[in-house]
Amino acid sequence: MTLKALLVSLLLLIAQVTVPAAADTVPSSALPSPTHRYNAFERPDAGIAYSLAEWERDGWYAPRGTGLDGRTLIDDSAPARSGEQSLRVFYPKGEIGARDSGVLAPFRLDPAREYYLSFWARFDEDFSWGTTSFGGKLGVGLAGGGACSGGRTCDGGNGFTSRMIWRRGGQAAVYYYHMDKQGTYGDHALLRVDGSDVRYPRGEWVNIVQRLRVNTVTAGRADPNGEIEVFYNGESAALVTGLRFVDNDDLVDKAYFSTFFGGSTEGFAPTHDSYVWYDDLEVSTSRFDVCGVVGCL
């Protein structure tokens, strides 16, 4: 055997030993999407406010935030959904709106046509749903472009929002702004599982997942093929189709932490100080990254 032939034989032998068979490789579907983000609120010290700077240390970036310094707490004294800590948000008695209740922060996402977002929430055992009127925003939603909300007309060029809300008695719904909304404010769809309305319980963890797909645009016109789907504790609880969000190239680009009491009048305010704990926040363009969709609750 020539020296060259011997070297070729040795290289082939090395390749057979060091290169795994195709069956041993990890399927691409099992790898997290590059867009996947996760936050279990375990890194910060317990007892501090989870400020915008602390969010950034964990890889979540927003151009602004309201209420983060004064109404959030990294809490290790209450049972977390996972680990030792969760994020507590404060809703003061008699206050409404993001300036004085809860928090507001539009965290940036890599723009994509479709996103999944999941979080766990636990209302305190004596949570107030309101005073004489009942409603508020819960947790983290999805948004894009100019994040149309707050009673604005969504014209296709100023973005969209889709967030979770509670109504009287903790009735659960998804609340969304789109080009064809019926009234001054956003439309809503009630969450229903096994034919019954979902009502958020006090004092126990629940999982909420939202999927939002932005409509396509043909020749400058919005196609009515946008969708919102919500899963509650792993069960499909709402599906809204035929939506027009945009007539431009805006995509989902925000995980919108938007939670506060209101409503526009003081009747929506809580009758006493109230709290919600949040844990295991994750967002991805792939459904395989999100436990509340693929059944790993």
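Can we say Arg37 is among the charged types (D, E, K, R), within 16 Å of the chain's Cα centre (by Cα) and within 29 Å of Ser286 (Cα to Cα)? Here the answer is yes, as Arg37 does meet what is asked. Each residue in region 40-85 was checked for being under 17 Å from Glu282 (Cα atoms) and surrounded by fewer than 18 Cβ atoms within 10 Å (Cβ to Cβ), and 9 pass. Scanning region 130-150 for any residue that is under 17 Å from the mean Cα position of the chain (by Cα), polar (S, T, N, Q) and at pLDDT 95 or above turns up at least one such residue. Mind listing whichever residues of region 185-208 are out of contact with any Leu (no Cβ under 7 Å at 6 or more places or on another chain) and within 24 Å of Asp253 (Cα to Cα)? Result: Tyr185, Gly186, Asp187, His188, Ala189, Ile208. Pairs linking a residue in region 67-83 that is without any contact (Cβ under 8 Å) to a residue 60 or more places away in the chain and closer than 26 Å to Asp100 by Cα to a residue that is polar (S, T, N, Q) and surrounded by fewer than 19 Cβ atoms within 10 Å (Cβ to Cβ), with Cβ atoms under 6 Å and 6 or more positions apart or on different chains, are Leu68/Ser51; Asp69/Ser51. Can we say Glu84 is under 26 Å from Val290 (Cα atoms), of a type in the set (Asp, Glu) and touching a Pro at 6+ places or on another chain (Cβ under 6 Å)? No; evaluated as a whole, the condition is false for this residue.
Using the structure shown, decide if Ala189 is more than 29 Å from Pro79 (Cα to Cα), in a strand (DSSP E or B) and either touching a residue at least 24 places away in the same chain (Cβ under 8 Å) or of a type in the set (Gly, Ala, Ser) (or both).
Numbers: more than 29 Å from Pro79 (Cα to Cα): yes; in a strand (DSSP E or B): yes; either touching a residue at least 24 places away in the same chain (Cβ under 8 Å) or of a type in the set (Gly, Ala, Ser) (or both): yes.
Yes.
Residue count for region 261-297 satisfying the condition of being among the β-branched types (Val, Ile, Thr), open to solvent by 10 Å² or more (accessible area, probe 1.4 Å) and either outside any loop (DSSP other than H, G, I, E, B) or more than 24 Å from Arg168 (Cα to Cα) (or both): 3. Out of everything in region 166-196 that is buried (at least 22 other Cβ atoms within 10 Å of the Cβ), touching a strand residue (DSSP E or B) at 6+ places or on another chain (Cβ under 6 Å) and among the aliphatic types (A, V, I, L, M), what residue ends up being nearest to Gly242 (Cα to Cα)? Out of the qualifying residues, it is Val174. For region 174-229, residues that are out of contact with any His (no Cβ under 8 Å at 6 or more places or on another chain) and under 15 Å from Tyr116 (Cα atoms) total 11. Close Cβ contacts (under 7 Å, 6 or more residues apart or on different chains) running from residues in region 255-275 that are farther than 24 Å from Ser118 by Cα to residues that are in a loop (DSSP other than H, G, I, E, B) and among the hydrophobic types (A, V, I, L, M, F, W, C) comprise Gly263/Ile96; Glu266/Ile96; Phe268/Ile96; Ala269/Ile96.
The values are calculated or read from the model by the stated rules, or taken from the named source; none is laboratory data. Predicted model, so just to flag it, every value in this text is computed and none were measured. Counting neighbours? That spans all protein chains shown, and the Cβs are built from the backbone with ideal geometry, glycine included. Please note that ligands, DNA and RNA were not included when accessible areas were found on the heavy atoms of the full protein model with its side chains. Shrake-Rupley method; radii C 1.70, N 1.55, O 1.52, S 1.80 Å.
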